[in-house]
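Working notes for the structure below.
Read-outs throughout are calculated quantities, based only on the coordinates presented, and are distinct from any laboratory measurement. Note that the coordinates shown come from a computational prediction; the quantities given were computed from them, not determined experimentally. Methodologically, a virtual Cβ is constructed for each residue, glycine included, from the backbone with ideal geometry; neighbour enumeration extends over all protein chains shown.
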Amino acid sequence: MVEGRTHRPIIQPSRCHSCDVCIRGCPAEFIPEYRLEEESLRGTLYRGKMGKKTVPGNVPLPPCQEACPINQDTRGYVALIAKGKFKEALELVREVNPLPAVCGFICHHPCEEACLREGVDHPIPIRLLKRFIAEYGRASERARKGTKRKRRETILVVGSGPAGLACANDLSLLGFRVTIFEALPVLGGMLSVGIPEFRLPREILRMEIDGIRELGVVMETNHSFRFGRNGRTLKRSGFDAIFLSMGAHRSSKLDIPGEFLHGVFPGVEFLRDINLGRKVEIGKKVVVIGGGNVAIDVARSALRLGSKKVDLYYRRSRKEMPAISEEVEEAAREGVNIHLLTAPVRMIGKRGKAIGMECIRMRLGEPDKNGRRKPVPIQGSNFKVDADTIISAIGQRVDQKPLKGLEKNPDGTIRVAPETGETSLKGVFAGGDMVTGPGWAIDAIAAGKKGAEAIARYLS
Amino acid sequence: MMTKECKKETAPKIKRKTLSVKARKKGFSPVEYGLLKEEAIKEAEHCLGLRECESCEICSLLCPDLCITRDEKTGEVLIDLDYCKGCGICASVCPKGAIEMALEEGK
């Protein structure tokens with residue numbers, strides 16, 4: 001309470017328009033625009049790191065907010081947490097993020113990398129803070145009420161991964177009728193069948209999906225969807241617009257001899273089988289190929305399934321590894337042997353069963369067009385390793401079977417208009433991994449939100 | 001003088017709390033633990049976006065000696081101590097409690 005006050009403001013609900021002017025103007029809550037300060041510590045840290053995206057008034061966004069693909073007001077909810085207003089913080093996150101708990105567990109947190117506090121001591125653990133408010137709010141949060149159905153149009157969302165859920169959430173909040181088709185028996189897409197349970201507990205994911213279902217979204221599992229060759233699927237399906245977010249669920253091939261031996265598995269399929277509760281055959285000596293999150297997850301899952309020795313081979317160095325560095329550290333702590341600058345040459349088999357792998361050492365050459373240094377094999381440095389299970393996790397592709405009649409890029413991803421996400425078919429939009437290739441959950445959420453916006457504009 | 005600064009004291013990096021490596025091998029239980037309420041508040045307080053003084057300028061409006069000004073260029077709020085009589089109104093009205101009254105040296 002402000003001391004020295006002589007009059008007390010009383011709000012008259014009948015006359016209040018909820019314009020928020022009083023809230024924004026209250027000095028007790030006001031955050032000043034210190035990024036334009038010249039001499040202060042914070043002003044100094046900001047210099048040279050001014051964002052390009054701006055809010056009205058031409059004020060740059062804070063770096064954490066700019067780094068986030070969905071531009072969450074990080075500074076706002078961290079400020080609310082510091083004041084102990086956890087429920088309000090979660091509400092602020094929910095304004096733009098349909099899956100706060102999922103992000104709290106698995107986000108690769110570009111916001112923390114951008115955090116300027118690093119110049120003082122260490123970045124704010126933004127991901128853990130979000131996880132905290134999401135878990136804290138779970139007990140107190142009321143069931144979200146669905147908005148009134150203001151629109152007659154029905155929209156089909158294909159795939160219930162982060163992109164599909166985000167799109168369905170936003171469209172439902174705009175008043176559309178949304179149906180999700182999911183080909184697998186479980187909802188959540190890669191969150192559910194790609195990410196192992198030890199990184200994202202299933203009850204958390206279920207809670208988030210239930211929250212979206214409460215908005216009135218119809219979700220049908222075991223319902224696959226495919227495009228006919230003639231491209232008239234939209235009209236026939238009876239929906240006014242379709243958002244495709246089927247993800248990239250096929251493992252890329254290694255293209256080396258011996259890939260079809262018994263005991264050689266693709267990484268994503270291996271994780272899918274574990275997550276769906278199917279039985280997987282796994283030996284005592286496991287070799288994993290790849291340096292992404294799937295490879296790390298496969299290696300850590302193998303240890304939990306009883307493998308004694310797990311070796312991971314990656315052809316570039318640790319710096320180039322696309323996996324989240326915290327997860328790589330955890331994997332090393334659990335006993336995964338990480339071998340860098342090593343690539344497989346061929347699988348060695350005996351009577352149709354894999355018994356080992358021949359590898360070659362690499363060195364880093366010139367950077368390619370993405371800025372990653374290309375590995376070059378060192379001739380004559382071949383060596384053999386023993387293994388009874390070999391799992392390759394070197395990337396994922398989009399399943400082409402259900403997508404006839406759509407224009408695609410050479411790598412198999414869907415070609416879309418960059419601004420709207422509309423595909424070559426009218427009224428069909430796409431987003432997520434199936435457009436960008438395998439990527440981060442938060443990017444998929446951003447694509448889903450963009451798709452929802454584009455669909456709303458298309459239908460109005 | 002009061003400055004427009006955030007908490008400058010550095011804090012040691014919070015250690016990630018995780019399940020023991022031995023317990024992890026027994027199944028697929030979650031590896032990482034979340035933050036406790038106190039830890040969350042403590043960590044959030046280090047955000048550079050937070051500070052004590054929030055430039056509401058209530059103190060300068062209420063100062064009977066008109067000695068609180070704001071440097072437009074740096075954004076710093078200054079108290080001209082040559083003219084301040086030490087009434088303490090500013091300290092009592094500050095919504096963030098960012099002004100402290102200190103005993104003058106030699107008094």
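When both bridge partners sit in region A:252-396, DSSP labels roughly 50% of those beta bridges antiparallel. Treating r as the C-beta distance of A:Lys87 and A:Lys401 and R0 as 60 Å, the FRET efficiency rounds to 0.85.
Quote the FRET efficiency, to the nearest 0.05, computed for A:Thr420 versus A:Asp210 with a Förster distance R0 of 22 Å and r equal to the Cβ-Cβ distance. Computed FRET efficiency for A:Thr420 and A:Asp210: 0.15.
Note: relative contact order over region A:252-396, using C-alpha pairs below 8 Å and six or more positions apart, is 33 percent. Between A:Asp411 and A:Leu305, the modelled label-to-label distance comes to 2.8 nm, taking each label 7 Å out from Cα in the direction of the beta carbon.
Report the gain in length on full extension from A:Glu118 to A:Lys384: 0.36 nm times residue separation, minus Cα-Cα distance, nm rounded to one decimal. Don't skip to the answer; put the middle values down first.
Values: separation 266, 0.36 × 266 = 95.76 nm, distance 4.35 nm.
That works out to 91.4 nm of additional length.
Other protein chain C-beta atoms within 10 Å of residue C-beta, averaged over B:36-43: 5. Rounded, prolate or oblate: which fits region A:252-396, taking a ≥ b ≥ c as square roots of the Cα gyration tensor eigenvalues, rounded meaning a/c under 1.5, else prolate when a/b beats b/c? The shape class here is oblate. Sequence-ordered 3J(HN,Hα) estimates for region A:102-111 from the Karplus curve with 6.51, -1.76 and 1.60 and θ = phi - 60° stand at 4, 5, x, 8, 10, 5, 8, 5, x, 4 Hz, glycine and proline given as x.
I need the peptides A:362-368, A:452-458 ranked by packing, meaning the mean over residues of other C-beta atoms within 10 angstrom, with the highest value on top.
Details: A:362-368: 12.1, A:452-458: 19.6.
Packing order, densest peptide first, comes out as A:452-458, A:362-368.
If you take the Cα centroid of region A:415-460 and the Cα centroid of region A:168-224, the two points sit 17 Å apart.
Given the Cα-Cα distance of A:Glu259 and A:Arg333 and 0.36 nm per residue of separation, how much length would full extension add, in nm? Could you put the intermediate results ahead of the total?
Working: separation 74, 0.36 × 74 = 26.64 nm, distance 2.97 nm.
Roughly 23.7 nm would be gained on extension.
The order of A:Ile442, A:Ile390, going from fewest to most other C-beta atoms within 10 Å of their C-beta, is A:Ile442, A:Ile390.
Spin-label model, B:Lys37 to A:Lys350: label points 7 Å out along the Cα-to-beta-carbon direction sit 6.1 nm apart.
Based on the alpha-carbon gyration tensor of region A:337-447 and its eigenvalue square roots a ≥ b ≥ c, which shape applies: rounded if a/c is under 1.5, prolate if not and a/b is larger than b/c, or oblate? Walk me through the numbers on the way to the answer.
Numbers: a/c = 2.98, a/b = 1.94, b/c = 1.54.
Prolate is the answer for region A:337-447, as a/c is 1.5 or above and a/b outweighs b/c.
Couplings for region A:271-286, taken from phi via the Karplus curve 6.51 cos²θ - 1.76 cosθ + 1.60 with θ = phi - 60°, read 5, 5, 4, 4, 6, 8, x, 6, 7, 10, 8, 9, x, 8, 10, 10 Hz in order; Gly and Pro are left as x.
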